[in-house]
């Protein structure tokens, strides 16, 4: 007699995801637990970042900017398109707009 067993595949695990919203709630909880506080920067760190910005702006060098957003540190790359001192924003190419107060580190 041939083997008549047919594997149900992923269907047999479906009851574990039967509670609506449970998976989304677990993902949201993990995101909230991994959040970090925004670090306080010293005047020396601000001066160093300002110097790097001026060098990158005058020499048209691509920079790496680490910034704080919603409890996480993110990094973006680009060349400085504009430094807007009125709205306190740095605009990088392509299409990145960063608030100066959120910037943590700048690398050339």
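The values are calculated or read from the model by the stated rules, or taken from the named source; none is laboratory data. A quick note: this is a predicted structure, and the numbers were derived from the prediction, not measured. For neighbour counting, all protein chains shown are included, and Cβ atoms are generated from backbone atoms with ideal geometry for every residue, glycine included.
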For residue 17, only one of the following conditions fails: (1) out of contact with any strand residue (DSSP E or B) (no Cβ under 9 Å at 6 or more places or on another chain); (2) at pLDDT 85 or above. What is its number? (2)
Suppose we keep only residues that are at positive phi and loosely packed, with under 14 Cβ neighbours inside 10 Å within segment 66-108. Which one would you say is farthest from the chain's Cα centre (by Cα)? 88
Test: residue in segment 29-44 that is under 16 Å from residue 104 (Cβ atoms) and part of a helix (DSSP H, G or I): yes
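Quick check on segment 72-108: of everything there that is in a loop (DSSP other than H, G, I, E, B) and in contact with a helix residue (DSSP H, G or I) (Cβ under 8 Å, 6 or more places away or on another chain), which residue is modelled with the highest pLDDT?
88
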